[in-house]
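The numbers here are math on the coordinates, done by the rules we state, and not lab data. As the structure is a prediction and not an experimental result, all values here were calculated from the model. With ideal geometry, Cβ positions are generated from the backbone for all residues, glycine too; neighbour counts draw on all protein chains shown.
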Amino acid sequence: MPLPTKVERLAPAKVNLALHVTGKRADGYHLLDSLVAFADFGDRLSIEIRPDTALTVTGPLADRVPEDRRNLCWQAAEFFGETAAITLEKHLPMEAGIGGGSSDAAAVLLGLSELTGKPVPHGAELLGADVPVCLAGQAARMQGVGEDVTPTAIPALPALLVNPRVSVETPRIFKGLEKRDNPGLPMIPLGATRREFCAWLREQRNDLTETAVSLCSEIGVVLKALSELPGQLGYAMSGSGATCFALFDTVGEAELAAMDIERAHPEWWVRDCVLS
Ligand code: C5P
């Protein structure tokens, strides 16, 4: 079959349903044990092989997104060893804990693999700790510093994502941690109903939350607003923040919750979706 000349890919939002920090390596990177899911929406990319790399950023959240080598999409093409014309339609906020940059990089790597017939080179975690799980593109347990990815089945989870439009510098949050030797995730329940799964999730943690809230008080305000939503089955922060999520039994409840939050906080970024 001939190879395509252009591919279009979704770079879905990544959500850490739980994120346990279990240690620190000698090089300063942290050992994690995280359950990750992906949304049914995200950035959109189109990729074509060209003699030189060029990146165009469009879309509602394109503001301040670099169109040069600083962008992970560009670095991903270099890592793959190809040059490409890339259009990135930005729908996910930057530095938001939902893997915008990593998901974009994974989409470029997968797109270039489709265009060239070559496999994605090993070592993609060098681009960012979340890139390997984004390459898997499905719910997974993520361990090590992010390179150890085990796909897992979870129920589809109607969800609401909320970001107070404050960007968070991930290294600052990791540096600020007071405790780094926390217990890992217990066995992930397989075959659980949505309600059973959410009950299990409510027992888990995001070990970055306390530090993130102390450095960015808006995250605390978002978490409180999510805790008060009717019908929520659990809520937490994703990654190092500032995006937080709440889970629901039905898509309708998530949509109503989105309207409630938008009305009360028109300045926040709000999006309902389904995580799986
Ligand atoms: O790899 P990524 O760009 O997502 O990481 C941003 C920063 O977060 C790293 O430079 C590091 O300071 C911190 N980090 C960490 N341990 C991890 C992942 C990230 O300490 N497992």
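Could you check how many residues of segment 165-181 are of a type outside the set (A, V, I, L, M) and more than 16 Å from the ligand (Cβ to nearest atom)?
As a first pass, look at segment 165-181 and keep what is of a type outside the set (A, V, I, L, M): 165, 167, 169-172, 174-176, 178-181.
Going one step further and asking which of them are more than 16 Å from the ligand (Cβ to nearest atom), we end up with 165.
Looking only at that region, the number is 1.
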Next item on the list: Test residue 86 against the stated conditions and say whether it is under 19 Å from residue 127 (Cβ atoms), more than 16 Å from the ligand (Cβ to nearest atom) and either surrounded by 23 or more Cβ atoms within 10 Å (Cβ to Cβ) or not β-branched (Val, Ile, Thr) (or both).
Entry: yes
Next item on the list: Residues being over 28 Å from residue 211 (Cα atoms) and either within 16 Å of the ligand (Cβ to nearest atom) or under 16 Å from the mean Cα position of the chain (by Cα) (or both): count how many of those fall in segment 139-159.
Entry: 1
Next item on the list: From 7, 36, grab the single residue that is in contact with a Lys or Arg (Cβ under 9 Å, 6 or more places away or on another chain), aliphatic (A, V, I, L, M) and either under 14 Å from residue 100 (Cα atoms) or assigned to a strand (DSSP E or B) (or both).
Entry: 36
Item checked: Matching residues, segment 166-178, being exposed (fewer than 13 other Cβ atoms within 10 Å of the Cβ) and of a type in the set (Lys, Arg) -> 175
Next item on the list: Residue by residue through segment 139-171, note down the ones that are in contact (Cβ under 8 Å) with a residue 60 or more places away in the chain and farther than 25 Å from residue 226 by Cα.
Entry: 142, 143, 144, 145, 146, 152
Check: Quick one: what pairs do we get from segment 263-276, first residue touching a residue at least 60 places away in the same chain (Cβ under 8 Å), second surrounded by fewer than 19 Cβ atoms within 10 Å (Cβ to Cβ) and among the hydroxyl-bearing types (Ser, Thr, Tyr), C-beta under 9 Å, 6+ apart or different chains?
Finding: none
Note to self: Being among the β-branched types (Val, Ile, Thr), crowded, with 16+ Cβ neighbours inside 10 Å, within 30 Å of residue 252 (Cα to Cα) and away from the ligand (no atom under 16 Å from the Cβ) is true for just one of 120, 162. Which residue is that?
What the structure shows: 162
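Does segment 182-195 contain any residue that is within 16 Å of the ligand (Cβ to nearest atom) and β-branched (Val, Ile, Thr)? Show your work before the answer.
To start, the set of residues in segment 182-195 that are within 16 Å of the ligand (Cβ to nearest atom) comprises 182, 184-185.
When the remaining residues are screened for being β-branched (Val, Ile, Thr), the result is none.
The answer is no; no qualifying residue exists.
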Notebook entry, point to check: Considering segment 10-34 alone, what residues qualify as being within 9 Å of the ligand (Cβ to nearest atom) and hydrophobic (A, V, I, L, M, F, W, C)?
Noted result: 21, 31, 32
Next item on the list: Specify which of the listed residues (42, 81) is more than 16 Å from the ligand (Cβ to nearest atom) and out of contact with any helix residue (DSSP H, G or I) (no Cβ under 8 Å at 6 or more places or on another chain).
Entry: 81
Notebook entry, point to check: Hey, residue 113 hits all of (1) farther than 30 Å from residue 205 by Cα; (2) buried (at least 24 other Cβ atoms within 10 Å of the Cβ); (3) not aromatic (Phe, Trp, Tyr) but one; which does it fall short on?
Noted result: (2)
Notebook entry, point to check: Pairs, please: C-beta under 6 Å, at least 6 apart or cross-chain, first residue in contact (Cβ under 8 Å) with a residue 40 or more places away in the chain and part of a helix (DSSP H, G or I) and in segment 86-102, second of a type outside the set (Lys, Arg) and surrounded by 19 or more Cβ atoms within 10 Å (Cβ to Cβ)?
Noted result: 100/92; 102/128; 102/130; 102/131; 102/134
Note to self: Of the conditions (1) of a type in the set (D, E, K, R); (2) more than 11 Å from the ligand (Cβ to nearest atom); (3) surrounded by fewer than 17 Cβ atoms within 10 Å (Cβ to Cβ), residue 104 satisfies every one except a single condition; which number is it?
What the structure shows: (3)
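Residues in segment 180-214 that are of a type in the set (A, V, I, L, M, F, W, C) and in contact with a Gly (Cβ under 6 Å, 6 or more places away or on another chain): how many?
First, pick out the residues of segment 180-214 that are of a type in the set (A, V, I, L, M, F, W, C): 185, 187-188, 190, 192, 197-201, 208, 212-213.
When the remaining residues are screened for being in contact with a Gly (Cβ under 6 Å, 6 or more places away or on another chain), the result is 198, 201, 212-213.
So the answer is 4.
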Next item on the list: Return a yes/no flag: does segment 212-230 have any residue that is touching an Asp or Glu at 6+ places or on another chain (Cβ under 8 Å) and more than 16 Å from the ligand (Cβ to nearest atom).
Entry: yes
